[in-house]
Amino acid sequence: MADQKRRDFLGMVFGGFAAAGGVAALYAMKRTWDPLPSVMAAGFTTVDLSPMKPGEFRTVTWRGKPIFILKKDSTQLKKCNDADVKVGEGDYLVRIGLCTHLGCIPAWEADKQVFKCACHGGEFDACGTNTFGPPPRPLDIPPFKIEGTKLVLGEEGPEYKKLVGKA
Amino acid sequence: MAHFEKANSVYEWLDQRLAVTKLTKVLMTEYWIPKNINFLWAMGVVLMTMFTILLISGIFLLMYYKPDTKLAFDSVNYTIMQEVWFGWLWRHMHGVAASVVFLVIYIHMFTGIYYGSYKKGREMIWISGMLLFVTFSAEAFSGYMLPWGQMSYWAAQVITNLFGGIPFIGDELVIWIRGNFYVADATLTRFFMLHVLLLPLVIMGIIGLHFYSLRIPHVNNQEGEEIDFDAEAEKYKAGRKAESKVIPFWPVFLSKDLFVLGVFMVFYFYLVFYHYNFAMDPINFDPANPMKTPPHIYPEWYFLWSYEVLRGFFFDVGPLSAMDIGLIAFGIANVIFFLMPWLDRSPVVAPAHKRGAFKIWFWILVVDMIVLTIWGKLPPTGANAWIGFFASITFLTLLLVALPLITKKEAQRAGGAA
Ligand code: FES
């Protein structure tokens, strides 16, 4: 009887150690698949917006993703007050240029003033809102901070927080 | 330790140590196969051969391939294709085999469905087979990425993005799987590992399980007849071969398999030498460019049907967005065949042409999957979107609703007749 208890105890101790070791190993495996520190650190991009002309559209790269920047002009392109970013005097649409459906890059069609995603026919307007097709939500807003006329992508500034309703 | 005599030949020496005679009996000469099966049952051997070809050609490709986003494209399209002697041969054999292996898998699967080979007693054969299908899919997808062309890149982008649809952890999970904020070098190297090591190991393990799972219930036959394998084997061994319903796997059965295999290999090498292009998407001969999406992306032909189910739902229903419905439907499409043994409520094991409504169901399913496959490749606009939608609905209805109903009725009739 005493012997049996001792065996059970040893079994439980062994099982406990094995379980702890297993959890530790799983954690190590998970961390191995995490993005490397260098990848995490390279996550900032600064763009000077002052040279942009009204109506101009451009794409910059941030964390390997295309970022759409569209400078509004008062006549042609409607301003979207709750969706635009104000930098100095200018009014800009700043979005991650990946279709919210399956991640294709939509094209800016200046004459029609829409972002058209060729993959499954999704469309977004100049406010970044999904207006047609399978995309489930507007184009995503990248985290940004404003420094003078510069846009710093990768950091959550107060303007960003206001825009996404976090502040 | 057992007692060992002096051996008179190498064979005897091995037999004493490894029981070679007994082993060949169990695996070959006394592994009993029903006589009453047709050429469709040879698909297992065809698959085994295709897998072997993939493994061997893969080993040769591996010697020159470079898993690095800067080098991968050229290592395949220049080094292997232009410089390495017969590099083109290994690549085309590998690419074509990866494609036709799915053709054979689908034939194998639908043979199983047609003859009811997933039913009572044979569930494990079916499940291990479906597991093989899923791991083969992962293997094919991870391999498709490696040449790092435009289609590789955007296929990886879209497929990894699908995980973003999982509630709460989706976005984080996508970054974790990719090892970067976008599909990048870390993504390529880990998929490389999966493709050349982990998944092949898993596949080999499941192939072992799949073969083993046949041993107890034995292989089904054309009539779905229940055979007393022990009694029939006795007859065969006693020399009453004509009367016995079974034959040994080796050499009798395999001779027929080898004939089918021979015909298939003619077809396969015809493709390798004259039509390898069908397995090589032209867009994949542009190097990957994360800043430019090809205007129309689609997977290889063997994934088109489930891809079409994914995008078949293009409008929101109440609180569910079109995309979520698509994702859910896609999830169902990928696991639903696992449940065949339970969705089919009838105990009748018989070929579909003897099962009335089931026969109609079977052929509608086949046609529907062909429709899904064709429309999966077309741009999803206008009427195409609607055809895709109806075909997707039909697919789900056939498996989730029609199959249980039809087979339940059949079970009642069978019960009433008995
Ligand atoms: S990825 Fe843009 S519509 Fe599907």
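When the residues of the range A:100-115 are filtered to those that are of a type in the set (A, V, I, L, M, F, W, C) and away from the ligand (no atom under 13 Å from the Cβ), which remaining residue is farthest from the other protein chains (Cβ to nearest Cβ)?
A:Ala110
What strands (runs of 3 or more DSSP E), lying completely within the range A:82-123, carry at least 2 residues that are buried (at least 17 other Cβ atoms within 10 Å of the Cβ) and at positive phi?
In the range A:82-123, there are no strands (runs of 3 or more DSSP E) which contain 2 or more residues that are buried (at least 17 other Cβ atoms within 10 Å of the Cβ) and at positive phi.
With the condition kept exactly as written, say whether any residue in the range A:133-141 is more than 14 Å from the ligand (Cβ to nearest atom), aliphatic (A, V, I, L, M) and under 16 Å from the mean Cα position of the chain (by Cα).
Looking for residues that are more than 14 Å from the ligand (Cβ to nearest atom), aliphatic (A, V, I, L, M) and under 16 Å from the mean Cα position of the chain (by Cα), one finds at least one in the range A:133-141, hence yes.
Collect the residues in the range B:175-218 that are within 14 Å of chain A (Cβ to nearest Cβ) and farther than 23 Å from B:Phe163 by Cα, keeping them in residue-number order.
none
Going residue by residue through the range B:59-66, is there one that turns out to be part of a loop (DSSP other than H, G, I, E, B), at pLDDT 95 or above, in contact with a helix residue (DSSP H, G or I) (Cβ under 7 Å, 6 or more places away or on another chain) and basic (Lys, Arg)?
Checked the range B:59-66: at least one residue is part of a loop (DSSP other than H, G, I, E, B), at pLDDT 95 or above, in contact with a helix residue (DSSP H, G or I) (Cβ under 7 Å, 6 or more places away or on another chain) and basic (Lys, Arg).
Regarding A:Arg137, is this residue assigned to a loop (DSSP other than H, G, I, E, B), of a type in the set (Lys, Arg) and in contact (Cβ under 8 Å) with a residue 24 or more places away in the chain?
yes
Determine whether the range A:145-154 contains at least one residue that is within 16 Å of the ligand (Cβ to nearest atom) and at pLDDT 90 or above.
No, that holds for no residue.
Which count do you get for residues in the range B:219-269 that are in contact with a helix residue (DSSP H, G or I) (Cβ under 8 Å, 6 or more places away or on another chain), within 17 Å of B:Leu40 (Cβ to Cβ) and acidic (Asp, Glu)?
Here the count works out to 1.
From the residues in the range B:289-322 that are part of a helix (DSSP H, G or I) and in contact with a Gly (Cβ under 7 Å, 6 or more places away or on another chain), which one is surrounded by the most Cβ atoms within 10 Å (Cβ to Cβ)?
B:Glu308
Sort through B:Phe163, B:Phe110, B:Phe133 and tell me the only one that's within 16 Å of the ligand (Cβ to nearest atom), closer than 19 Å to B:Asn334 by Cβ and assigned to a helix (DSSP H, G or I).
B:Phe163
Output the residues belonging to the range B:249-296 that are over 23 Å from the mean Cα position of the chain (by Cα) and either closer than 12 Å to B:Val96 by Cα or within 14 Å of chain A (Cβ to nearest Cβ) (or both).
Residues satisfying the conditions are B:Phe273, B:Tyr274, B:Ile283, B:Ala288, B:Asn289, B:Pro290, B:Met291, B:Lys292, B:Thr293, B:Pro294, B:Pro295, B:His296.
Considering every residue within the range A:67-82, establish whether at least one is within 14 Å of the ligand (Cβ to nearest atom), out of contact with any Phe, Trp or Tyr (no Cβ under 8 Å at 6 or more places or on another chain) and free of Cβ contacts under 8 Å to residues at least 60 places away in the same chain.
No, that holds for no residue.
Given the criteria within 13 Å of the ligand (Cβ to nearest atom), under 20 Å from the mean Cα position of the chain (by Cα) and not small (Gly, Ala, Ser), does A:Thr129 qualify?
Considered against the rule, which asks whether it is within 13 Å of the ligand (Cβ to nearest atom), under 20 Å from the mean Cα position of the chain (by Cα) and not small (Gly, Ala, Ser), A:Thr129 comes out as no.
Among the residues of the range B:372-394, is any outside any helix (DSSP H, G or I) and within 22 Å of B:Ile166 (Cβ to Cβ)?
no
Read through the list (1) buried (at least 18 other Cβ atoms within 10 Å of the Cβ); (2) more than 14 Å from every other protein chain (Cβ to nearest Cβ); (3) assigned to a loop (DSSP other than H, G, I, E, B), then give the number of the only condition that A:Pro54 fails.
(1)
Any chance the range B:20-35 includes a residue that's surrounded by 14 or more Cβ atoms within 10 Å (Cβ to Cβ), over 30 Å from B:Glu225 (Cβ atoms) and not basic (Lys, Arg)?
yes
May I ask you to list the residues in the range A:116-126 that are farther than 17 Å from B:Ala322 by Cα, near the ligand (Cβ under 10 Å from one of its atoms) and charged (D, E, K, R)?
Hit for the range A:116-126 is A:Lys116, nothing else.
Which members of the range B:348-391 meet the condition of being within 14 Å of chain A (Cβ to nearest Cβ) and under 23 Å from B:Leu405 (Cβ atoms)?
Passing the criteria: only B:Phe389.
The values are calculated or read from the model by the stated rules, or taken from the named source; none is laboratory data. All values derive from a computational prediction rather than experimental measurement. Note that each Cβ is placed from the backbone with ideal geometry, even for glycine, and that neighbours are counted across all protein chains shown.
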